[in-house]
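Have a look at the structure below before the remarks.
Values in this text are rule-based calculations from the coordinates and carry no lab data. The structure displayed is predicted, hence computed values, not measured ones. Virtual Cβ from ideal backbone geometry, glycine too; neighbours counted across all protein chains shown.
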Amino acid sequence: MEDDVLFRELFSKIEELPVIDCHEHILGPKREVTRREPIASLIQGYVQSDLLSAGITQKELDILNNNEIETEEKWELFEKFWKKIEFTAYARVTRLIMKDIYGEEEISLQSILRVRDKIILPTEENYNSLFEKANIEIILSDVLWDFQILKKFIDGRLDYYKKIRFLFPLPQFHNDVRSFDFVQSVGALLDRHIVSLEDYLEVIYELLKRAKDRGIVGIKDQSAYTRTLDYELVPMYEAEKLFNRILSDPRNSLGWTEAKPLDDFLFHQFMNFARDLKLPVQIHTGHMAGIRNRIEKTNAVLLTNVFELYQDLKFDLFHGNWPYIGEMLFLTKNYPNVYMDLCWVNIIDPIYSEELYSRAILTTPHIKINGFGGDYFDVPEYIVSHLKICRENITRALVRLIKMGWIDEGSALEIAKDWLFNNPKSLFNLT
Ligand SMILES: [Zn+2]
C-alpha cells in the first residue's frame, strides 16, 4: 500500500463504494466442485499469457494446470517461470490472492503447501462472501456464446447466479457465417430451417428480442480477436451472393477474407437491430487474451464510421483500447454515443489505467467512464483481487488531480462513485 496519507484515506473510502462489474464470463457457482491443486488454482486466467510470453511451452503449462499432479512434483517448473513474471500486473493478482485471501506474504513451496487445504472453490458460499465483501452488486456477464446455454436462457431454463445480468453474444452470428451447417445451427435455436438471407436476419432479430424479454442488458462483440474492426457498408446483393453460395451447396464454405463483405453487412444489420431494441453495444477493442495475435486490427479508431452512422446507439468500448490511449480519449470526447470501459485494462497495465482515468477527467464528461470489469471466468477470488488493483489505480488518478488542485476530495469520491456504479447503472438501464 502506498505511503501517502491522502491515498490511504481516499482508498479506504473507495473500498466502501458499491460496484457494478461491467464485464465477466461467469455463470455462477458450480454444483459439482472438485479439489483444486494450489499451483493450478493460483495460475488461472491471464497470468498464463505471461507464462507463455516468458517461454513456457503449452505442454509444460498443461502440467501446471493439471489438478492430478501434486504440488511438490510441479514446483520446480512453476518456480522457474514464476521468477520470470512475478512483477507483472497479472502476477500481482496471484500475489494478492495469496496475501489477502490466504494470508501468505510470499510465494514459496512452503507457503503454497500451507494453503493446500484452504483453496477457494467456486461454491455459492464463496461467491456470496467474496462479492459482498468487495461490494459488487451487479455483474454483467458474457457467456451466452455457447449455443446450449443460449438456448436454455432463451427458453427460460437457465440457472444462473443472482447478481448476473447477461449480454447477447454477437461475434459468431456474423463472424462464423461461413458454412451451411453453421447457418442451420443458428436456425435450430428457434427450430427453424434457414433458406435465405432474409430468413437468417429474421432469426437473429427474433433471438435478440427473446433474449431481451429474458433480461439481457446489451450486446457484446469481441470479434477483434479474429477480424479487423473495420466494418464497411456493403450492398445487400453482395452479401446475399455470398450467403447463397453457402446455402446452394452444403459442401461449400467461405474463407477469410472472402467472407468479409457478408460479415460486414451482417454486423451493420445487427447494429440496426440493437438500435431498434434500444440495447447498448459493448465492443472489445485493443489488447487480446493469449499470445501471437495482431494488435492493429483491434484499434477502436477503426470503428469510427460505425459511431458516426448509428448516432442513437450507445457504444461501450472495452479495455481502454490498450495500448492506443490517445484514440480512446479522442473517441470518447468526440462522439456523444461513445463510452469508455476500463474492464480488464487495470491488470493489463495499471499505470496506463491510472493515466487513462486521470486524463479522462480532464478531457471527457466523467459520466462516460465505466470504471471496472474483471473479465475472468468462474474464479471469484481473481475478480475481487482485480477490483482491488482497479480501486488503487482509480485512487492514484484522483490523488494526482487533488494534488494538482484540479478537484477536491469530495468531488474525487463522487467521481469514483460514478465510475464504479452510477455510470454503468445508467448506461445499461440497471435497476
Ligand atoms: Zn472478456
**Report entry** Summed residue charge, Cβ within 13 Å of Val195's Cβ, Lys/Arg positive, Asp/Glu negative
**Finding:** -3
Requested in this report: Give the angle, between 0 and 90 degrees and rounded to the nearest 10, that separates the Cα long axis of helix 325-334 from the longest principal axis of the Cα atoms of the chain.
Outcome: 60
Report summary line: Across Lys297, Lys220, Lys152, the residue with the highest GNM fluctuation in the chain (Cα network, 10 Å cutoff) is Lys152
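What percentage of all Cα-Cα pairs in the chain are separated by more than 38 Å? List each step's numbers first, then the result.
Numbers: 22733 of 92665 pairs.
Of the Cα pairs, 25 percent sit more than 38 Å apart.
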Query - Filter on Lys84/Lys260; Lys314/Lys403; Lys80/Lys162; Lys99/Lys368; Lys297/Lys368; Lys368/Lys403 - keep pairs with C-alpha separation over 31 Å - result: Lys84/Lys260; Lys314/Lys403; Lys80/Lys162; Lys99/Lys368
Query raised in the report: In the range 340-378, which residues have a backbone nitrogen under 12 Å from the label point lying 7 Å from Met404's Cα in the Cα-to-Cβ direction?
Result: 355-364
**Report entry** Angle in degrees between helix 124-133 and the longest Cα principal axis of the chain, rounded to the nearest 10
**Finding:** 70
Query - Charge dipole of the chain about the Cα centre (unit charges at C-beta), most positive-ward option of Val177, Val345, Ala416 - result: Val177
Report summary line: Distance in nm between Phe377 and Gln184 label points, each 7 Å along Cα→Cβ, equals 3.0
Query raised in the report: Relative contact order of the range 34-118: what whole-number percent is it, with Cα pairs under 8 angstrom and at least 6 residues apart?
Result: 35
Query raised in the report: For the chain, what relative contact order do you get, as a whole percent, if you take Cα pairs closer than 8 Å and at least 6 residues apart?
Result: 21
Query raised in the report: Any idea what angle helix 197-213 forms with the longest principal axis of the chain, computed on alpha-carbon atoms, 0 to 90 degrees, nearest 10?
Result: 40
Report summary line: Convex hull around the C-alpha positions of the range 34-118: the volume in Å³ per residue is 88
Query raised in the report: So, in nm, how far is label Asn337 from label Asn422 when the simple model puts each one 7 Å beyond its Cα toward the Cβ?
Result: 2.6
Report summary line: Checking rank on 398-407, 351-360, 319-328, with mean other Cβ inside 10 Å and highest first, the result is 319-328, 351-360, 398-407
Report task. Report the residue, chosen from Ser41, Ser49, Ser108, that carries the largest GNM mean-square fluctuation when the chain is represented by alpha-carbon nodes joined by springs under 10 Å. Result -> Ser108
Report summary line: Most packed first (mean Cβ within 10 Å per residue), the peptides 374-382, 118-126 order as 374-382, 118-126
Query raised in the report: Modelled label-to-label distance, Asp100 and Glu414, 7 Å Cα→beta-carbon offset: nm?
Result: 2.8
Report summary line: Here the gain from full extension of Val195 to Arg8, 0.36 nm per residue of separation minus their alpha-carbon distance, amounts to 61.1 nm
Report task. Express as a percent, rounded to the nearest 5, the fraction of DSSP beta bridges in the range 124-427 (both residues included) that run antiparallel. Result -> 5
